Amino acid sequence: MKIALLSDVSAEVLAGMLREDFDVWTPPGFGAWAETALAPPRELEEFAPDAIFLAIDDPGAAAKRLDPAVAADALRKRFPGSAVRAIDVRAVERGCTAPFRDARMAALAAMPWSLAGLRALRAEIAMHAEDMRGELKKAIAVDFDGTLWDGTVGEDGLEGISPRADFQRALLEMSKRGTLLAGITKNDPRDAARVWNVPGMILKEEDFAAVRAGWEPKPQSLEEIARTLNISPGAFVFIDDNPGERAEMRASRTGAAVPDFPSNPGELAGFAQALERVFFPRGAYTAEDAAKTAMYRAEAKRREAEAALGADGYFKRLALKVSVRAARDEDCARLAQLSAKSNQMNAAGTRRTEEEIREYAHAEDRAVFAVSARDRFGDYGTIAFINAKISGGTAEIEDFTMSCRAMNRRIEHAAALSAEKRLAARGVRTLRATWRATGKNAPAEKLFDSLGYTLESEGADFKKYVLALPRRGAAPEHHAEIEEDG
């Protein structure tokens with residue numbers, strides 16, 4: 001990976017550390033970051049970086065020359081194919097337990113960071129590079145022995161291990177904010193099940209959406225967990241203290257991000273902060289975030305039941321109930337999450353902010369429907385939304401978005417029928433919809449076909465559909481009881 005590093009201090013030592021793993025370009029001369037951002041030299045354009053990092057040590061002083069945010073925007077416009085990231089140096093410093101700064105280095109080399117500070121910055125940049133390689137991250141797959149605790153259960157016994165409580169507590173807090181946890185350990189499953197009763201253990205078995213204990217290669221275990229939870233292997237961040245296991249995961253085709261694990265346990269607090277800062281940045285939290293682990297554990301039970309009963313028997317026993325309601329203010333944060341994170345079942349590939357959805361929900365020429373579901377295994381929470389623009393007797397579906405974990409339940413069929421009924425009651429007689437290819441939404445390509453819409457036109461990357469209301473002929477099959485809610 002090719003990266004460019006711009007800084008308001010001398011960054012050659014940091015660049016040298018990064019060159020162990022990356023091809024690195026830095027501006028010639030000292031303090032040329034602002035000039036480089038506003039007028040990139042030919043050498044940088046020829047270098048064609050995959051990523052450009054701004055490591056601004058003193059944003060206030062730097063802003064007197066050029067606001068770092070303005071510099072980042074200028075670089076994005078000039079290098080549209082490059083990811084541009086501004087490193088939060090102050091946040092990295094807060095997470096560093098050793099002294100982050102060195103007055104001697106500042107005096108001798110115009111570089112204020114200590115060796116510990118440099119290592120922390122290098123780890124942060126490497127984490128961002130991992131994040132850029134894959135897709136949006138949803139889950140952490142974490143090793144047990146030597147990672148969540150000191151010691152090895154199989155060799156030291158339960159009495160011989162010591163929980164890394166602060167690290168576990170940080171992971172638990174991330175889980176409460178919506179990051180899924182999965183466990184992957186090369187241990188006897190019986191040992192892995194007993195370990196949670198060890199005194200001082202913060203995490204418990206129920207905090208994990210799934211666990212794989214055994215002797216299979218860890219990339220294989222991660223792919224099995226991904227199938228069980230119905231999310232992509234590339235949506236995981238893999239955490240393991242063993243360099244060999246990390247190398248094997250990086251060499252696999254899972255697409256998981258694999259950050260380096262700190263060799264010093266004292267650096268784990270800063271490592272946990274960096275994990276959340278880079279891979280799982282905090283946004284608005286919803287009820288679904290707090291209950292996400294329970295929801296995905298229920299999803300695993302559904303898949304086990306489906307495998308045992310077959311599709312017909314499974315649907316008959318599912319007792320699925322789908323609730324469709326006009327979107328309320330309290331729904332908007334969750335619907336924005338769905339818009340931002342749902343890739344596979346996002347018909348038009350649109351992304352909506354919370355403010356946009358709230359505006360649409362109150363607009364007279366819009367109909368926004370929030371969809372929830374539950375079955376005998378548990379509550380899915382709010383898992384889909386439909387947004388239609390109404391003009392006279394015609395409505396255009398601009399968003400039909402659903403969480404991937406709700407796919408293959410025909411929930412979308414029940415939701416569509418309810419939305420059609422409500423739109424017809426508002427005088428809509430023609431309903432139009434479009435599927436647009438995004439590179440990730442192939443599962444949504446046949447959505448409107450499955451709903452009985454008529455294909456009007458298509459191109460290489462789109463399909464346009466129409467449906468007359470009220471619907472004539474057979475409705476799409478579903479197995480849900482539809483609950484109308486407001």
It is to be established whether one or more residues within the stretch 407-415 are more than 24 Å from Phe462 (Cβ to Cβ), surrounded by fewer than 16 Cβ atoms within 10 Å (Cβ to Cβ) and more than 23 Å from the chain's Cα centre (by Cα).
no
On the basis of being loosely packed, with under 15 Cβ neighbours inside 10 Å, at pLDDT below 95 and not in a helix (DSSP H, G or I), does Pro262 make the cut?
no
Go through the stretch 130-150 residue by residue and tally those that are of a type in the set (A, V, I, L, M), modelled with pLDDT under 90 and either over 16 Å from Leu180 (Cα atoms) or surrounded by 22 or more Cβ atoms within 10 Å (Cβ to Cβ) (or both).
1
Only listed residue being over 30 Å from Gly392 (Cα atoms), in a helix (DSSP H, G or I), modelled with pLDDT of 75 or more and over 26 Å from the mean Cα position of the chain (by Cα), chosen from Arg317, Arg277:
Arg317
If a residue must be surrounded by fewer than 20 Cβ atoms within 10 Å (Cβ to Cβ) and under 30 Å from Ala333 (Cβ atoms), how many such residues does the stretch 206-216 contain?
2
Just for strands (runs of 3 or more DSSP E) wholly inside the stretch 394-486: which have at least 2 residues that are basic (Lys, Arg) and assigned by TED's automatic domain parsing to the domain that holds Ser372?
430-436, 462-468
Kindly check whether there is at least one residue in the stretch 458-477 that is surrounded by 12 or more Cβ atoms within 10 Å (Cβ to Cβ), in contact (Cβ under 8 Å) with a residue 60 or more places away in the chain and under 34 Å from the mean Cα position of the chain (by Cα).
yes
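Against the condition among the small types (Gly, Ala, Ser), outside any loop (DSSP other than H, G, I, E, B) and closer than 22 Å to Asp23 by Cβ, how does Ala91 come out, does it pass?
Numbers: among the small types (Gly, Ala, Ser): yes; outside any loop (DSSP other than H, G, I, E, B): yes; closer than 22 Å to Asp23 by Cβ: no.
No: the conditions fail for Ala91.
For (1) of a type in the set (Asp, Glu); (2) surrounded by 15 or more Cβ atoms within 10 Å (Cβ to Cβ), each residue gets a yes or a no:
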{"position": "Val89", "(1), (2)": "no, yes"}
{"position": "Thr152", "(1), (2)": "no, yes"}
{"position": "Gly157", "(1), (2)": "no, no"}
{"position": "Asp166", "(1), (2)": "yes, no"}
{"position": "Ala170", "(1), (2)": "no, yes"}
{"position": "Glu173", "(1), (2)": "yes, no"}
{"position": "Ala182", "(1), (2)": "no, yes"}
{"position": "Val195", "(1), (2)": "no, yes"}
Under 7 Å between Cβ atoms, which residue pairs at least 6 apart in sequence (or on different chains) link something in the stretch 367-389 that is assigned by TED's automatic domain parsing to the domain that holds Arg351 and among the charged types (D, E, K, R) with a partner that is at pLDDT 95 or above and not in a strand (DSSP E or B)?
Lys389/Asp365
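For residues that are surrounded by 14 or more Cβ atoms within 10 Å (Cβ to Cβ) and within 11 Å of Cys332 (Cα to Cα), tally how many sit in the stretch 355-369. I'd like the intermediate steps shown before the answer.
Within the stretch 355-369, the subset surrounded by 14 or more Cβ atoms within 10 Å (Cβ to Cβ) is 356-361, 366-369.
Within this subset, residues satisfying the condition of being within 11 Å of Cys332 (Cα to Cα) are 356-361, 368-369.
Within the stretch 355-369, residues that are surrounded by 14 or more Cβ atoms within 10 Å (Cβ to Cβ) and within 11 Å of Cys332 (Cα to Cα) number 8.
Within the stretch 55-63, can one find any residue that is within 23 Å of the chain's Cα centre (by Cα) and either in contact (Cβ under 8 Å) with a residue 60 or more places away in the chain or closer than 16 Å to Leu18 by Cβ (or both)?
Just the residues of the stretch 55-63 that are within 23 Å of the chain's Cα centre (by Cα), to begin with: none.
Within the stretch 55-63 (the criterion being within 23 Å of the chain's Cα centre (by Cα) and either in contact (Cβ under 8 Å) with a residue 60 or more places away in the chain or closer than 16 Å to Leu18 by Cβ (or both)), the answer is no, since none of the residues qualifies.
Considering only the stretch 209-247, how many residues are assigned to a loop (DSSP other than H, G, I, E, B) and in contact with a helix residue (DSSP H, G or I) (Cβ under 7 Å, 6 or more places away or on another chain)?
Initially, the stretch 209-247 is screened for residues assigned to a loop (DSSP other than H, G, I, E, B), giving 209, 214-217, 230-232, 240-242.
Subsequent filtering for residues that are in contact with a helix residue (DSSP H, G or I) (Cβ under 7 Å, 6 or more places away or on another chain) retains 209, 214, 217, 230-232, 240.
Of the residues in the stretch 209-247, 7 are assigned to a loop (DSSP other than H, G, I, E, B) and in contact with a helix residue (DSSP H, G or I) (Cβ under 7 Å, 6 or more places away or on another chain).
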Taking the condition free of Cβ contacts under 8 Å to residues at least 60 places away in the same chain, in a loop (DSSP other than H, G, I, E, B) and among the aliphatic types (A, V, I, L, M), does Leu136 pass?
no
Considering each residue of the stretch 26-40, count those that are surrounded by fewer than 21 Cβ atoms within 10 Å (Cβ to Cβ) and either touching a Pro at 6+ places or on another chain (Cβ under 8 Å) or farther than 20 Å from Val89 by Cβ (or both), and give that number.
6
Total residues in the stretch 3-17, condition crowded, with 21+ Cβ neighbours inside 10 Å and part of a helix (DSSP H, G or I)
1
I'd like the full set of residues that are farther than 23 Å from Glu481 by Cβ and buried (at least 16 other Cβ atoms within 10 Å of the Cβ), limited to the stretch 416-429.
Val428
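Restricting the search to the stretch 345-390, which residues are assigned to a strand (DSSP E or B) and over 25 Å from the mean Cα position of the chain (by Cα)? Explain how you work it out, then say what you get.
Going through the stretch 345-390, the residues assigned to a strand (DSSP E or B) turn out to be 345-346, 366-375, 378-390.
Answer for the stretch 345-390, where residues must be assigned to a strand (DSSP E or B) and over 25 Å from the mean Cα position of the chain (by Cα): Arg366, Ala367, Asp375, Ala388, Lys389, Ile390.
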The stretch 133-160, residues that are farther than 21 Å from Pro262 by Cβ, under 26 Å from the mean Cα position of the chain (by Cα) and not small (Gly, Ala, Ser):
Glu135, Leu136, Lys138
Positions within the stretch 324-342 being outside any helix (DSSP H, G or I) and surrounded by 20 or more Cβ atoms within 10 Å (Cβ to Cβ), in sequence order:
Val324, Ala327, Ser342
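When you look at Pro27, is it farther than 19 Å from Met132 by Cβ and assigned to a loop (DSSP other than H, G, I, E, B), yes or no? If you could, list the steps in order and put the result at the bottom.
Working: farther than 19 Å from Met132 by Cβ: yes; assigned to a loop (DSSP other than H, G, I, E, B): yes.
Yes.
The values are calculated or read from the model by the stated rules, or taken from the named source; none is laboratory data. It should be emphasised that the depicted structure is a prediction, and the values quoted were computed from it without experimental measurement. All Cβ positions, glycine included, derive from the backbone under ideal geometry; neighbour counts span all protein chains shown.
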